[in-house]
Amino acid sequence: MKMKNYFWIIFVLLIITSCQFNKQKEEKYYPFTDLEISAIKKDSENNFEIKDSAAIQEISSFLKKLSSEDLIKGKRLHGAEKLCDIIIKNSTDDDIQIFISSHKKDGITADFLQERQADNFTYFLGRLYDANKFVHLFEKHGLNCDE
């Protein structure tokens, strides 16, 4: 009788261990694929604005390549120093606000929020860690965050 029980236990264990428990991959989402930028503004006293179409196209192409994997949600960032706020004017009036910060451990980061006029609410889209390339694009076109 004991041998029969061992057989069934081993049989069940073999079935369980042979099953593949693959983690279901989350589908990539590109939140800025439909983004039509009309202007890029620095939210400060000097109100610097990028209107040059070549500059807007270059920044737009960078944003359109960002996926849900690049924009991480849920991880709080404590102790970051604010560098600047940027507003991307969208042709649909749903502006995107970007808060660029510097952190001792994580370097330069960018928080993306979208202000939707339809429901008058601001949605957190995620944080881009290692945003050095992104900030460099703005600096290349005259919008400096450290001023």
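The values are calculated or read from the model by the stated rules, or taken from the named source; none is laboratory data. Given the structure is predicted, the values throughout are model-derived calculations rather than measurements. Please note: Cβ atoms are built from the backbone with ideal geometry, for glycine as well, and neighbour counts cover all protein chains shown. Heavy atoms of the whole protein, side chains included, go into the accessibility calculation; ligands, DNA and RNA do not. Shrake-Rupley method; radii C 1.70, N 1.55, O 1.52, S 1.80 Å.
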Once the other residues with Cβ under 12 Å from the Cβ of Ile50 are scored (Lys, Arg +1; Asp, Glu -1), what is the net sum?
-> +1
Carbon/sulfur accessible area of the chain, % of total, 1.4 Å probe, equals 52 percent
Would you check the accessible area of Asp34, probe 1.4 Å, heavy atoms only, in square angstrom rounded to 10?
-> 130 Å²
Net charge contributed by nearby residues that have their C-beta within less than 9 Å of Phe32 (K/R +1, D/E -1) = +1
Quote the relative contact order of the range 26-147 in percent (integer), defining contacts as alpha-carbon pairs under 8 Å separated by 6+ residues.
-> 24 percent
